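Notes follow the structure.
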There are 2 protein chains.
Amino acid sequence: MESLGKHAILNGELIAATEALLPVWEKEFLYGFGVYESLKVIASKAIYLNEHIERLFFSAAGLALRHPFKVEEICEWLSALIERDSIEEATVRILLMGGIESRLFITAEPLLTYPESFYSSGVKGAIYHGERFLPRYKSCSLLLNYIALRHASSQGAFEALLVDRHGLVLEGTRTNIFACEGEKIFTAPKTVVLEGVTRHKIIRGIEELGYELIYEAPLLDELLAGRFSELFISSTSMGAMPISQVEGYKFEAPFRVTHSLHSLVREWERLTLP
Amino acid sequence: MESLGKHAILNGELIAATEALLPVWEKEFLYGFGVYESLKVIASKAIYLNEHIERLFFSAAGLALRHPFKVEEICEWLSALIERDSIEEATVRILLMGGIESRLFITAEPLLTYPESFYSSGVKGAIYHGERFLPRYKSCSLLLNYIALRHASSQGAFEALLVDRHGLVLEGTRTNIFACEGEKIFTAPKTVVLEGVTRHKIIRGIEELGYELIYEAPLLDELLAGRFSELFISSTSMGAMPISQVEGYKFEAPFRVTHSLHSLVREWERLTLP
């Protein structure tokens with residue numbers, strides 16, 4: 001709470017951040033009938049804002065969560081918040097809760113970043129068997145993600161890899177997943193996972209750098225048997241981050257493919273800045 | 001909101017009901033890391049309060065949601081709320097949210113009741129294919145329930161019957177399910193569903209009335225093929241309520257078994273009153 005910005009937005013109105021509250025007696029609150037986005041502000045500019053708002057609306061439509069909000073007004077509201085609190089860098093969350101009267105909150109927190117060693121040495125992954133409900137949509141149905149990530153943390157891992165009933169490694173708790181077999185890169189088709197904004201950039205990068213993209217989720221068994229040379233996770237805050245270890249199996253640095261894609265994705269971000 | 005009581009409880013403190021709020025920027029809020037109970041107050045007495053609090057703690061333990069609360073103090077807090085607002089009848093919700101600082105809310109709403117015709121004529125059920133996450137625990141991971149119930153309502157149905165990957169009818173969105181084949185009554189084993197407080201009473205009633213209880217969830221295919229003579233749902237607010245129709249298949253009144261169990265469960269409730 002101390003790390004929260006001074007102000008927030010509720011349905012276009014500037015409010016004190018401490019007033020970004022929801023009543024616990026509301027059905028939509030209890031049932032988690034909401035969708036959200038996390039995005040970065042760098043040099044006072046929201047990165048890929050339109051894509052994030054489009055995905056917010058895609059998630060809302062997927063849940064048939066009706067709301068009156070327009071892309072342009074959300075952009076304006078965020079601009080107003082950035083200006084009011086003189087935000088240079090931040091991780092911004094847009095939360096859209098459904099209900100008879102839908103509500104859109106915008107809040108800002110310090111920019112989430114990771115140590116350089118996470119990229120050079122990779123991070124540990126843990127396995128969690130479970131399937132997200134309506135995985136294409138970034139909804140507030142996140143208890144599985146919470147418990148899977150806590151399970152990972154308890155093992156000293158940075159991310160949990162969610163494995164479905166078929167043994168497929170679909171995605172992480174807040175990341176997408178890619179597995180490299182030489183110049184071939186495997187990832188789950190977008191019909192069964194959350195299509196991350198950064199995932200989308202990485203897919204463009206894969207084409208740009210001449211790797212071969214295959215829309216198949218890696219099998220856990222094959223992964224642990226050594227089929228893949230690199231495994232990495234992607235998200236808005238992480239870019240592309242290499243996994244160094246899953247259960248007993250180790251991936252060795254340097255993570256050449258992962259780093260090439262990470263650099264490209266970060267470079268594209270910089271190009272959008274003023 | 002107009003139907004909410006005047007006051008609520010937060011961690012033992014009496015607050016205005018309108019102040020029962022949670023900050024949207026908190027991780028535990030976003031991730032739905034909470035458990036809850038709904039119970040009835042009749043004649044100013046909370047029905048089966050100890051069993052509800054025990055299940056609340058069972059759910060919390062299932063999620064490894066740590067909290068400092070004790071059964072006795074929650075009982076005292078609810079008594080204080082009942083006295084302060086002179087509550088005679090109400091549906092009370094106890095919500096326990098996890099986090100570094102866990103929070104327990106008690107709120108009261110008008111007692112939820114149903115027309116007598118729902119019992120005499122039965123209510124329509126709809127089918128929803130989906131599996132709850134950690135189904136034994138009454139957690140805030142409820143988006144599936146919300147969407148399934150909305151799907152049912154859009155078909156003019158009162159409840160959605162959740163069918164798992166094996167075609168088993170496990171439970172409703174806020175109810176347990178029982179299917180009668182003559183004197184045999186089938187219901188899912190407690191390892192795969194939420195063990196309702198009323199489900200527990202009905203199971204006692206089945207033994208008391210000499211029916212045969214079989215811990216097997218009914219198969220949807222068999223249900224639609226006419227294997228079962230009655231189908232009913234149970235919950236704290238409903239007691240035992242007959243289903244009159246699922247998809248095209250109709251169950252004919254009188255719902256003798258359902259009514260006998262409903263009467264017994266309601267009678268037991270009355271016996272607990274002062």
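The values are calculated or read from the model by the stated rules, or taken from the named source; none is laboratory data. Predicted model, so just to flag it, every value in this text is computed and none were measured. Every residue, glycine as well, gets a Cβ built from its backbone with ideal geometry; the counts of neighbours run over all protein chains shown. Only protein heavy atoms, including side chains, enter the accessible area calculation; ligands, DNA and RNA are left aside. Shrake-Rupley method; radii C 1.70, N 1.55, O 1.52, S 1.80 Å.
Return only the number of the condition from (1) without any contact (Cβ under 8 Å) to a residue 12 or more places away in the chain; (2) part of a strand (DSSP E or B) that A:Glu222 does not satisfy.
(2)
Within segment B:112-130, take every residue that is more than 14 Å from chain A (Cβ to nearest Cβ) and open to solvent by less than 20 Å² (accessible area, probe 1.4 Å) and give me the one that is nearest to B:Lys45 (Cα to Cα).
B:Tyr119
Under the condition of being facing chain A (nearest Cβ under 7 Å) and open to solvent by 10 Å² or more (accessible area, probe 1.4 Å), which residue from segment B:2-22 is modelled with the lowest pLDDT?
This residue is B:Leu4.
When segment B:33-58 is examined, which residues are found to be of a type outside the set (D, E, K, R), within 14 Å of another protein chain (Cβ to nearest Cβ) and part of a strand (DSSP E or B)?
Result: B:Gly34, B:Val35, B:Tyr36, B:Ser38.
Check off (1) in contact with a helix residue (DSSP H, G or I) (Cβ under 7 Å, 6 or more places away or on another chain); (2) farther than 19 Å from A:Ser229 by Cβ for A:Arg165 and give me the number that stays unchecked.
Unmet condition: (1).
Given (1) free of Cβ contacts under 8 Å to residues at least 40 places away in the same chain; (2) open to solvent by 60 Å² or more (accessible area, probe 1.4 Å); (3) within 13 Å of chain B (Cβ to nearest Cβ), where does A:Leu30 come up short, assuming only one miss?
(2)
For segment A:75-92, what are the residues that are within 14 Å of chain B (Cβ to nearest Cβ) and either among the polar types (S, T, N, Q) or farther than 18 Å from A:Ile47 by Cβ (or both)?
Across segment A:75-92, the qualifying residue is only A:Thr91.
Give the residue that is farthest from the other protein chains (Cβ to nearest Cβ), with candidates limited to residues of segment B:152-189 that are open to solvent by 40 Å² or more (accessible area, probe 1.4 Å) and of a type in the set (Ser, Thr, Tyr).
B:Ser153
With respect to the numbered conditions (1) under 19 Å from A:Tyr31 (Cβ atoms); (2) away from chain A (no Cβ under 11 Å); (3) surrounded by fewer than 21 Cβ atoms within 10 Å (Cβ to Cβ), which one is the sole condition not fulfilled by B:Glu109?
It is condition (2) that B:Glu109 fails.
Please go through segment A:105-142 and pick out each residue that is over 16 Å from A:Ala188 (Cα atoms), within 15 Å of the chain's Cα centre (by Cα) and not basic (Lys, Arg).
Once the filter is applied, which keeps residues that are over 16 Å from A:Ala188 (Cα atoms), within 15 Å of the chain's Cα centre (by Cα) and not basic (Lys, Arg), segment A:105-142 yields A:Leu111, A:Leu112, A:Thr113, A:Tyr114, A:Ser139, A:Cys140, A:Ser141, A:Leu142.
Please work out which residue is nearest to B:Val24 (Cα to Cα), limiting yourself to segment B:93-103 and to residues that are more than 10 Å from chain A (Cβ to nearest Cβ) and buried (at least 22 other Cβ atoms within 10 Å of the Cβ).
Ranking the qualifying residues of segment B:93-103, first place goes to B:Leu96.
What are the pairs with Cβ atoms under 9 angstrom where one residue, in segment A:137-151, is more than 7 Å from chain B (Cβ to nearest Cβ) and on the phi > 0 side of the Ramachandran plot and the other, located anywhere, is of a type outside the set (S, T, N, Q) and open to solvent by less than 20 Å² (accessible area, probe 1.4 Å)? Sequence gap at least six, or different chains.
Listed pairs, sorted by first residue: none to list.
Yes/no per residue for (1) assigned by TED's automatic domain parsing to the domain that holds B:Tyr128; (2) acidic (Asp, Glu); (3) within 24 Å of B:Ile94 (Cα to Cα):
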residue: B:Leu142; (1), (2), (3): yes, no, yes
residue: B:Ala157; (1), (2), (3): yes, no, no
residue: B:Leu168; (1), (2), (3): yes, no, no
residue: B:Ile185; (1), (2), (3): yes, no, no
residue: B:Pro189; (1), (2), (3): yes, no, no
residue: B:Thr198; (1), (2), (3): yes, no, yes
residue: B:Leu209; (1), (2), (3): yes, no, no
residue: B:Glu216; (1), (2), (3): yes, yes, no
residue: B:Arg227; (1), (2), (3): yes, no, no
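Checking A:Glu72 against (1) within 27 Å of A:Trp268 (Cα to Cα); (2) more than 9 Å from chain B (Cβ to nearest Cβ); (3) within 22 Å of the chain's Cα centre (by Cα); (4) surrounded by fewer than 20 Cβ atoms within 10 Å (Cβ to Cβ): exactly one of these is not met. Which one?
With (1) within 27 Å of A:Trp268 (Cα to Cα); (2) more than 9 Å from chain B (Cβ to nearest Cβ); (3) within 22 Å of the chain's Cα centre (by Cα); (4) surrounded by fewer than 20 Cβ atoms within 10 Å (Cβ to Cβ) applied to A:Glu72, the lone miss is (3).
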